[in-house]
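Taking it in order: structure first as structure tokens, then the write-up.
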Amino acid sequence: MGNYTNSDAPVPDGTIIIERGVSAQEFAPKLNRTAADVIRFLLNNGEMITATMTLADEQMELFALEVGADLLLVEAGQQEEMELQAMFDDSDDEDETLQAPRAPVITVMGHVDHGKTTLLDKIRHANVVSGEAGGITQHIGAYKVMTDSGAEITFIDTPGHAAFSKMRARGAQVTDIVVLMVAADDGVMPQTIEAISHARAADVPIVVALNKIDKDNADVQRVLGQLAEHELVPESWGGDTIVVEMAANQNLGIDDLLEQLAAVAELEELTANPTGRAKGIVLEANLDTGRGPVATILVDKGTLKIGDPIVAGAAWGKVRAIINDQGKQIKEAGPSTPVQVLGLSQVPNAGDEFRAASNEKMARLVGEARQQRATLTNQRGDARVQRGVKLEDIFSQIQAGEVATLNIVLKADVHGSLEAVTESLRRLERETVKLAFVNRGVGGITENDIMLAATTNATLIGFNVRPDKKAREMAASEHVEIRLYEIIYKLLEDVERAMVGMLAPEFEEVITGEAEVREVFRVPRIGGIAGCYVRSGVISRGTKVRFLREGVIIWKGSITSLKRFKEDTREVREGFECGIGLSDFQDLKPGDIIETFEEREIPRV
Ligand code: GDP
């Protein structure tokens, strides 16, 4: 091979670390060469590239061989991470003598409708550690309970394997034991099998919760047989899989399940060093109007204290407050304790590792370096965004033999669900249909999102969020398709159906009234009453209703009582004030919006 490089300068000594995905322009200088050298060399090897095109691994390796450089290719961000980790690790680590038992962390998985949410709700309300009678538990993404025999157990409050696998994809394994929920009347279903594979891949023990045994058509033996087929042989059949029969909605068998989990945890000998600086995982995070970035974290070693400097992903700061699963401010949190942390500079991602740093300057340095990298990556953008098609038109394009690109603008209520939805959508991709995310973000749908969707011909998907009035108007005038979902399963089903040309009839929600909360009163024995002003439309008793805070859905239900000047009334019109009864939902604040709506089917053309 001839010498194709112009420059005779020596290449740098030692291993040169290069990030995958760089262009000739970025790559060449690290080897003391110019982009032109690289381009010319590759051209002579039959490959035509430009200075800004992404180089393939082999192209870089070939060139390195040519100039005699020793190359180490790493994933984007990895080099920096390696350096950053080195800065952190000032070996206060693993003193074996300081290990103490810690609570197991549990994720509940299983097929849709088998009772996961019911189980988590029941446990949360009945057993929260040191919860006062009737004390309200906050939804912070995880909670800790105590069994009757005094063992502590931590539950991740997001059921299903989407969040679980998302965490694992980011290298974070928080779950110690999986509770596999199987309904006795329905048996092993596709998502049950998926959950089993996820737990196996993560090498996490499975405890089966055989739910709904109260139902007439429950068939325990049949389900046990199905489980055995998947190598989960129940103890009663001579295997080693613990199966707890239960009826979650009737609080039947839940205590047994908790004791079994505690027993498995004891066998697993889960320990952690509770001394030293804290390290752990971000479970979810969001931006709160009053409190700024709020992250729910799970400490896996050390103890996090108020005032600690910390970094989580690109977010950094000093811990301003630590709030536990009952909404109480606490001073510190040890291993397996889920808490909300205030004081971060921005909203970290679910699955990000967090660490307490030795000082604030260090925390800031690391956070800012990561931020810089994120900005750079974003500027490169999602290269696959191109002329998009509408969800409805996808099928006709596939039939025409073209590859359809579905551009998506995705908004969700919290980072956890944003990531889970993204991952699940990505898994729907196939040869003929590509997905490209034009933008993804946390929070209500704004005019900005509509603009973006309009210019890229994207479909706007909202998960647990709503467009505000201005955004709705703009969407109508710009012909942007907004699809709103509250259940991942439904969302995926729609996208999948669109891909095979079977989009189900769409229900349009017609907003019938909008009231602004002005004041919240507490009435003994009745509960909360929201004093409201009807901003548009009509508020009527019995209609479906949603409570919105900053465009994010915080509650759904129906209006049970409606009053005007202490008198019950059927409806209240625009421009008037009224009192709306809040039977099940107490957490309303002035400024929240109460939206009533009807569902109407839109015929397909
Ligand atoms: P998820 O989709 O797995 O989270 O399931 P849910 O917790 O939402 O439960 C689905 C439905 O099953 C709800 O209507 C529950 O009330 C009901 N359910 C849950 N547990 C039981 C049970 O033990 N027995 C019966 N009969 N119904 C149950």
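The values are calculated or read from the model by the stated rules, or taken from the named source; none is laboratory data. Bear in mind that the values here come from a model prediction, so they are computed numbers and not experimental data. Neighbour counts are summed over all protein chains in view; Cβ atoms, including those assigned to glycine, are modelled from backbone coordinates with ideal geometry. When the accessible area is computed, the model is the full protein with side chains, heavy atoms only, and any ligands, DNA or RNA have been set aside. Shrake-Rupley method; radii C 1.70, N 1.55, O 1.52, S 1.80 Å.
Some observations on this one:
- Complete set of residues in the range 187-203 that are touching a residue at least 60 places away in the same chain (Cβ under 8 Å) and either touching a Cys at 6+ places or on another chain (Cβ under 8 Å) or outside any loop (DSSP other than H, G, I, E, B) (or both): Pro190, Gln191, Thr192, Ala195, His198, Ala199
- The single residue among Arg320, Arg355 that is basic (Lys, Arg) and surrounded by 22 or more Cβ atoms within 10 Å (Cβ to Cβ) turns out to be Arg355.
- Filter pass, Glu61 being open to solvent by 30 Å² or more (accessible area, probe 1.4 Å) and in contact (Cβ under 8 Å) with a residue 60 or more places away in the chain: no
- Qualifying positions in the range 323-333 - open to solvent by less than 20 Å² (accessible area, probe 1.4 Å) and touching a Pro at 6+ places or on another chain (Cβ under 9 Å): Asp325
- Once the range 334-352 is narrowed to residues that are closer than 26 Å to His125 by Cβ and of a type in the set (Gly, Ala, Ser), the residue that is surrounded by the fewest Cβ atoms within 10 Å (Cβ to Cβ) is Gly334.
- Filtered residue count, the range 180-221, keeping only those that are over 22 Å from Ala265 (Cα atoms) and within 11 Å of the ligand (Cβ to nearest atom): 14
- Within the range 211-309, strands (runs of 3 or more DSSP E) holding 1 or more residues that are open to solvent by 50 Å² or more (accessible area, probe 1.4 Å), farther than 23 Å from Leu98 by Cβ and not assigned by TED's automatic domain parsing to the domain that holds Ile554: 243-245, 279-288
- Selected residue (only one of Ala228, Ala209, Ala248 is without any contact (Cβ under 8 Å) to a residue 24 or more places away in the chain and of a type in the set (A, V, I, L, M)): Ala228
- Only residues that are loosely packed, with under 13 Cβ neighbours inside 10 Å, modelled with pLDDT under 80 and under 35 Å from the mean Cα position of the chain (by Cα) were counted in the range 559-604, giving 8.
- Taken together, Leu232, Leu258, Leu224, Leu252 contain a single residue that is of a type outside the set (Phe, Trp, Tyr) and within 13 Å of the ligand (Cβ to nearest atom), which is Leu252.
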